[in-house]
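The values are calculated or read from the model by the stated rules, or taken from the named source; none is laboratory data. Since we're looking at a predicted model, the values are computed, not measured. No Cβ is skipped: glycine too gets one built from the backbone with ideal geometry, and neighbour counts run over all protein chains shown. Note: accessible area is taken over every heavy atom of the protein model, side chains too, but ligands, DNA and RNA are not part of it. Shrake-Rupley method; radii C 1.70, N 1.55, O 1.52, S 1.80 Å.
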Amino acid sequence: MSRAELLAEETIALFREKGLSLALAESCTGGMIAAALTGIAGASDIFWGSAVTYINDAKENILGVSGGTLKKYGAVSAECAAEMALGARKIYASDIALSVTGIAGPGGGSAEKPVGTVWFGFASERGSSSFLRRFDGCRGEVRRQTVEEALSYLIEQIKGEE
């Protein structure tokens, strides 16, 4: 079993144990986090869905990310990640939502936001937050590490509630 599969299994078990539901908003991973979760039997007990919003118009029109946020901070930002998570939580009516938006490469990076820059957003009834990670490697490695970090973070958050 891959690390992502093990993390997905643990995520589902923890959410099930706590009676919580989960939604996602994915950009740079293109649905890979959802695929990791739905690869586990019984995922439908806790997983409501994922909005794959790869372009800014989708982030704005589907998730409700502010056009002003996208213009001022860009899609790869703390502000966008937090708004994506809030939007996913709202459209799926889930207890928890997680979002990812980043630059997987090989192009698209800049000095300020190099390839491997990924913002994660988290939303719950307590509000939203975001955090930054920078990953090394090729496009596939950045995406794989993003999936693993997303699932690890969800596990930490749920265990932290205990």
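Here are a few things to note about the model shown:
- Qualifying residue in the stretch 122-135 (condition: under 14 Å from Cys28 (Cα atoms), without any contact (Cβ under 8 Å) to a residue 24 or more places away in the chain and within 14 Å of the chain's Cα centre (by Cα)): yes
- Beta carbons closer than 6 Å, at least 6 apart along the sequence or on distinct chains, pair a first residue in the stretch 62-89 that is touching a residue at least 24 places away in the same chain (Cβ under 8 Å) and under 20 Å from Arg133 (Cβ atoms) with a second that is open to solvent by less than 50 Å² (accessible area, probe 1.4 Å) and in a helix (DSSP H, G or I) for Glu79/Thr69; Cys80/Thr69; Glu83/Thr69.
- Remark: pairs (first residue in the stretch 39-60, of a type in the set (A, V, I, L, M, F, W, C); second residue surrounded by 20 or more Cβ atoms within 10 Å (Cβ to Cβ) and part of a strand (DSSP E or B); Cβ separation under 6 Å; 6+ apart in sequence or on different chains) = Ile46/Leu22; Phe47/Leu22; Trp48/Ala23; Ala51/Ala25; Val52/Glu26.
- Scoring Ala75 on the criteria (1) crowded, with 23+ Cβ neighbours inside 10 Å; (2) of a type in the set (A, V, I, L, M); (3) touching a Gly at 6+ places or on another chain (Cβ under 8 Å) leaves a single failure, condition (3).
- Condition check for Met32: within 20 Å of Glu148 (Cβ to Cβ) and free of Cβ contacts under 8 Å to residues at least 60 places away in the same chain: no
- Filtering the stretch 82-91 to residues that are closer than 11 Å to Leu24 by Cα and crowded, with 24+ Cβ neighbours inside 10 Å leaves Met84, Ala85, Gly87, Ala88, Arg89.
- Looking across the stretch 140-162 at every residue that is surrounded by fewer than 19 Cβ atoms within 10 Å (Cβ to Cβ) and polar (S, T, N, Q), the one that is nearest to Leu6 (Cα to Cα) is identified as Ser152.
- Only strands (runs of 3 or more DSSP E) whose full extent lies in the stretch 92-139 are considered here, and the ones with at least 3 residues that are hydrophobic (A, V, I, L, M, F, W, C) and open to solvent by less than 30 Å² (accessible area, probe 1.4 Å) are 96-102, 117-124.
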